[in-house]
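Take a look at the structure below.
The values are calculated or read from the model by the stated rules, or taken from the named source; none is laboratory data. None of the values given here were measured: they were computed from a predicted structure. Cβ atoms come from the backbone with ideal geometry, glycine included; neighbour counts cover every protein chain shown. Just the protein is used for accessible areas: all its heavy atoms, side chains included, with ligands, DNA and RNA removed. Shrake-Rupley method; radii C 1.70, N 1.55, O 1.52, S 1.80 Å.
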Amino acid sequence: MEIDAKFINALFFYLFSIVSVIFAFGVLFLPKIVYAIISMIIAFVSIACLFVLLNSDFLGLAQIMIYAIAVSILFLFAVMLVKDNAKFEIVSIFSAKKFVAAFSVVLFFICALFSFTNGFGIFDKIIKIFALQTDLVELQIQFQDIVCLKLLGINLLSNYVFAFELVSVLILVVMLGVAMFALKNVNCKIKPVEKESQKNDI
Amino acid sequence: MKDFFVTNSWIISFLPLWSALLIMFFKGLNIYENKEITSLLTLGASFLGFFWSLGLLGCCLQIANFNYEIMVPFLNVGLLSLSFGFLIDNLSVLMLLIVTSVSFAVQLYSRTYMANDKEFHRFFVYLNLFNFSMLSLVMSPNLLQMYVFWELVGVCSYLLIGFWFKRPSAAKAATKAFLINRIGDFAFLASICALGAFSFWFWKFSNVPFLDFSALNGAALSVLGTTTPLVFFLISLGFVLAACTKSAQIPLHVWLVDAMEGPTPVSALIHAATMVAAGVFLIARVYPFLNYSPVAMSIIAWIGVLTAFIMAVIAIFQNDIKKMLAFSTSSQLGFMMVALGVGGYSAALFHLTTHAYFKALLFLCAGAVIHSVNLQDMRYMGELRKSIPFVAGCYLIGVCAISGILLSGFWSKEAIFYILADTSNFGLLALALLSSLLTVIYMLRSYFMIFEGKYNGTLKTFHIPPWGIKFPILLLVMPSVFLGWLVNEPFKTFIKTPLALPKLGNYEILFALSLIIIVIGVLLAFVLYYNGIKEKIKISFIRKFRKFAQQGLYFNKFYEFLIEKLFLKITRYAYLFDKYLVDGVVNFWGLCVQVKSKFLLFWQNGNILSYSTVGVAGLCLLMVVFLLGFSVYMLEVWL
Amino acid sequence: MIFDISLIHYLVLALILFCIGLLGVLTSKNIIRLLMCVEIMLTSVNINFIAFANYLDLGNRLGDSVAIFVMAVSAIEVAVGLCILICLANYSNNMNIEKQNKTGGRK
């Protein structure tokens with residue numbers, strides 16, 4: 001039975017991770033921006049499922065609500081508001097800058113992997129960077145009566161209550177700031193550089 | 001009062017500097033155009049300096065071996081500590097008197113002589129600058145400060161020779177003088193450095209300021225102790241070379257003749273009386289040092305006597321009045337050198353003193369003549385005694401003084417002959433006597449050509465010299481006449497040879513000999529030149545020699561040959577070396593930087609993406625480095 | 001065992017997503033796409049937090065709380081970013097980042 005649970009767990013992990021990676025690549029490489037947004041929504045939903053697999057159901061829901069719905073709608077509104085007549089070049093067009101960027105990202109990947117896995121297992125005998133060997137099942141049995149959401153609420157309102165309040169203030173400030181910023185530009189309609197740039201383009 | 005004069009003696013040299021700055025400042029701001037203010041400032045500075053020097057002289061006469069020195073620390077680098085200051089002793093007081101008095105007379109003269117020149121103020125600024133440098137030079141307490149003012153004097157000379165720089169010949173002469181003086185300056189500096197280096201610990205331990213004149217004796221011993229005599233000889237040779245360039249001795253005399261392109265007062269002040277004497281002064285200052293190298297001393301003596309002789313020979317055949325006087329100056333400086341070379345310290349400085357006055361007198365008279373006839377060539381003069389009798393008389397006094405016809409030159413030359421005979425250098429003595437004979441001949445020849453005989457020129461009306469020109473000449477006549485009689489005996493005690501003086505024997509025959517020489521010279525000059533110069537001697541050998549001598553023995557041609565045929569060829573190869581090797585290296589590094597900057601420029605394009613890409617790439621490289629180091633460390637620990 | 005899902009699997013997944021996001025940030029020309037890539041990077045960080053909470057900190061799950069804060073901040077960031085985007089669109093009518101080179105450098 002344990003083996004079965006593990007198997008199903010692994011199956012869903014691989015499924016959702018492959019889907020998220022593929023659709024994350026979609027965000028990069030899909031030529032149309034709307035398609036990219038939809039692919040991002042799918043990637044976020046699958047990541048939310050991974051959160052559920054990690055025993056935090058509330059965060060999965062929050063992920064879906066915040067990322068997959070609210071943020072995506074914001075993006076869609078932005079796409080609608082901005083008249084984007086620039087051509088969508090695909091990232092794969094070669095240039096020196098992109099080559100350097102890709103190369104450094106790959107290097108970053110290898111380095112990070114090297115440090116996660118104790119130098120691909122070379123230093124296993126010498127040093128352990130993470131104590132990865134904990135027995136999950138035992139722990140789950142030990143803490144089976146603890147609900148994730150309850151813990152989250154206790155943490156937020158005891159340990160992190162100050163940060164929590166600060167975040168709420170931050171959100172308020174940003175809301176006001178964004179509104180002011182947008183309204184100011186609408187009212188004043190100062191577009192001095194536009195003409196210049198158009199002249200330059202001509 | 002006495003202390004006041006001595007402790008503030010730096011003011012003598014700073015007065016001309018202040019007046020130069022004032023003239024520059026006020027003239028530059030167009031505050032005044034009045035030439036009187038300029039000349040009054042200058043004359044006041046010189047006169048006050050002369051007055052002050054007289055005060056100093058009083059102090060020196062009261063106290064035997066007077067020596068006052070003030071040092072201000074100037075530079076302390078590690079063990080080396082340099083100081084500037086001023087030194088008042090008998091020698092510097094003598095030089096101060098000469099320089100201030102001659103420059104006072106010359107400035108008074110040029111106030112009239114240069115009155116119609118557009119650049120009147122500039123001329124006086126230069127003169128003041130020169131006075132400042134020369135007075136500081138003679139008051140320098142150490143070699144390094146002396147070198148600094150030595151260079152400044154050279155610069156002033158350059159500026160004044162090229163005063164009429166719009167004339168190509170003047171500009172060329174100025175450059176030539178400057179360049180040739182560089183040789184001597186370089187030798188001087190090299191010698192100072194070598195001396196300082198080899199006797200460094202002596203100066204450290206002896207508690208005397210670095211390179212001070214007062215301890216040169218000990219420094220010489222310490223140099224001899226640390227190095228070979230050859231090095232010592234080379235150091236001495238550097239000083240000798242420096243003195244030879246400044247004092248226009250063979251073979252570096254060529255600049256002095258061309259320096260006559262400058263205004264005549266400049267020739268009188270700088271290129272006859274004061275600056276060219278700086279070489280002799282240098283030798284006198286470093287005399288305690290040079291005394292340890294007999295070879296260098298005999299080199300000085302032989303250079304001196306050869307210069308005296310050869311320049312006298314050349315002067316006989318010169319037709320240009322100022323050039324003739326320039327060769328004569330060179331010759332007289334040769335007399336001083338020969339005296340120094342055999343140890344006649346006092347005699348040399350005595351001759352320097354008398355020479356300063358009578359040569360300045362001669363130059364000022366020549367200037368007056370040029371002023372009235374508008375010519376420099378003596379062949380087109382003659383019979384001028386009738387039109388400008390005053391100048392003729394003064395010129396005759398100068399001629400008598402320089403040739404030693406019983407005026408001041410007689411006594412100083414006599415002192416030199418005495419010392420030559422006393423040290424039994426009879427070869428030198430013979431040559432010196434011969435040069436003295438030639439001096440009588442060429443000076444009388446010039447007098448006859450200018451003032452006697454028939455007039456050969458075209459100009460009908462002469463410019464009669466005003467009192468502004470006559471008065472300074474008169475001022476200089478007095479010392480030329482009386483200095484020899486009055487100062488002859490006191491001078492020997494005033495300026496003492498630093499080392500033990502050999503006892504003067506009684507050479508009355510020498511006295512008679514010089515009188516005989518004078519008589520012979522005067523007679524010869526009368527026979528040859530009284531009725532104007534005519535090509536009396538038709539022997540072709542003499543003619544050829546005349547041409548040869550008129551060109552100054554082709555020294556200039558020789559240098560031209562040396563530079564064109566040898567030096568320029570070397571420089572051609574040096575140019576190739578410079579172009580391909582030195583420039584190549586430099587350009588290669590420049591190219592590297594260019595390539596690098598092209599690379600950086602590609603990323604520095606104002607685009608935020610480029611910047612973030614570079615940032616991430618740098619981060620990744622840091623990670624790689626860190627992880628490599630970490631794994632190497634780990635593997636070492638493990639193994 | 002390949003089916004034995006442990007912390008390292010989640011870490012590698014997060015790393016892959018982070019790298020994808022980073023690549024997007026460095027290479028995309030469209031500002032909207034760039035913001036989306038930033039979102040992906042933040043989410044991958046969230047995966048790390050929750051994975052650590054699940055595997056190493058089961059009794060407290062502090063990572064969850066941090067993930068909440070990250071989400072809040074990322075939502076704020078999107079709001080501000082899109083506001084700037086719209087202002088920029090009013091201003092220059094050009095969404096290509098490579099044309100926005102007013103920060104100096106080579107002209």
Please work out which residue is farthest from residue B:108 (Cα to Cα), limiting yourself to segment B:44-71 and to residues that are open to solvent by less than 20 Å² (accessible area, probe 1.4 Å) and hydroxyl-bearing (Ser, Thr, Tyr). B:53
Are there any pairs, at least 6 apart or on different chains, whose C-beta atoms fall under 8 Å, with the first in segment C:12-35 and polar (S, T, N, Q) and the second open to solvent by 10 Å² or more (accessible area, probe 1.4 Å) and not in a helix (DSSP H, G or I), and if so, which? C:27/A:91; C:28/A:91; C:30/A:84; C:30/A:86; C:30/A:88; C:30/C:96
Residues of segment B:599-639 that turn out to be touching a Gly at 6+ places or on another chain (Cβ under 9 Å) and open to solvent by 80 Å² or more (accessible area, probe 1.4 Å), as a count: 1
Exactly one condition in (1) surrounded by 22 or more Cβ atoms within 10 Å (Cβ to Cβ); (2) under 13 Å from the mean Cα position of the chain (by Cα) is false for residue B:147; which is it? (1)
Check segment B:587-597 and report whether any residue there is more than 14 Å from chain C (Cβ to nearest Cβ), more than 36 Å from the chain's Cα centre (by Cα), open to solvent by 80 Å² or more (accessible area, probe 1.4 Å) and of a type in the set (Lys, Arg). yes
When only residues in segment B:487-506 that are more than 19 Å from residue B:287 (Cα to Cα) and open to solvent by less than 60 Å² (accessible area, probe 1.4 Å) count, which is modelled with the highest pLDDT? B:487
Does residue B:408 satisfy being modelled with pLDDT of 85 or more, farther than 27 Å from residue B:383 by Cβ and under 25 Å from the mean Cα position of the chain (by Cα)? no
Could you tell me whether segment C:59-82 includes any residue that is at pLDDT 70 or above and within 14 Å of chain B (Cβ to nearest Cβ)? yes
Could you grab me the full set of residues in segment A:164-194 that are facing chain C (nearest Cβ under 7 Å) and at pLDDT below 90? A:178, A:181, A:182, A:185, A:191, A:193, A:194
Considering only segment B:452-466, I want to know if a residue exists there that is out of contact with any Cys (no Cβ under 8 Å at 6 or more places or on another chain) and outside any loop (DSSP other than H, G, I, E, B). no
Kindly provide the set of residues from segment C:35-52 that are at the interface with chain A (Cβ under 7 Å from one of its Cβ atoms) and either touching a Lys or Arg at 6+ places or on another chain (Cβ under 8 Å) or under 20 Å from residue A:65 (Cβ atoms) (or both), ordered by number. C:36, C:39, C:40, C:43, C:47, C:50
Could you tell me whether any residue of segment B:527-549 is free of Cβ contacts under 8 Å to residues at least 12 places away in the same chain, open to solvent by less than 100 Å² (accessible area, probe 1.4 Å), within 14 Å of chain C (Cβ to nearest Cβ) and of a type in the set (Phe, Trp, Tyr)? no
Any idea which of B:637, B:632, B:595, B:616 is assigned to a helix (DSSP H, G or I), within 30 Å of residue A:107 (Cα to Cα) and touching a Phe, Trp or Tyr at 6+ places or on another chain (Cβ under 9 Å)? B:616
Report the residue count in segment B:408-455 for those that are open to solvent by 20 Å² or more (accessible area, probe 1.4 Å), hydroxyl-bearing (Ser, Thr, Tyr) and in contact with a helix residue (DSSP H, G or I) (Cβ under 7 Å, 6 or more places away or on another chain). 1
Is at least one residue of segment B:599-610 assigned to a helix (DSSP H, G or I) and either modelled with pLDDT of 85 or more or more than 14 Å from chain C (Cβ to nearest Cβ) (or both)? no
Does residue A:44 satisfy being buried (at least 19 other Cβ atoms within 10 Å of the Cβ), in a helix (DSSP H, G or I), more than 7 Å from every other protein chain (Cβ to nearest Cβ) and free of Cβ contacts under 8 Å to residues at least 60 places away in the same chain? no
For segment B:100-141 the number of residues that are open to solvent by less than 10 Å² (accessible area, probe 1.4 Å), in contact with a Gly (Cβ under 8 Å, 6 or more places away or on another chain) and of a type outside the set (S, T, N, Q) is 3
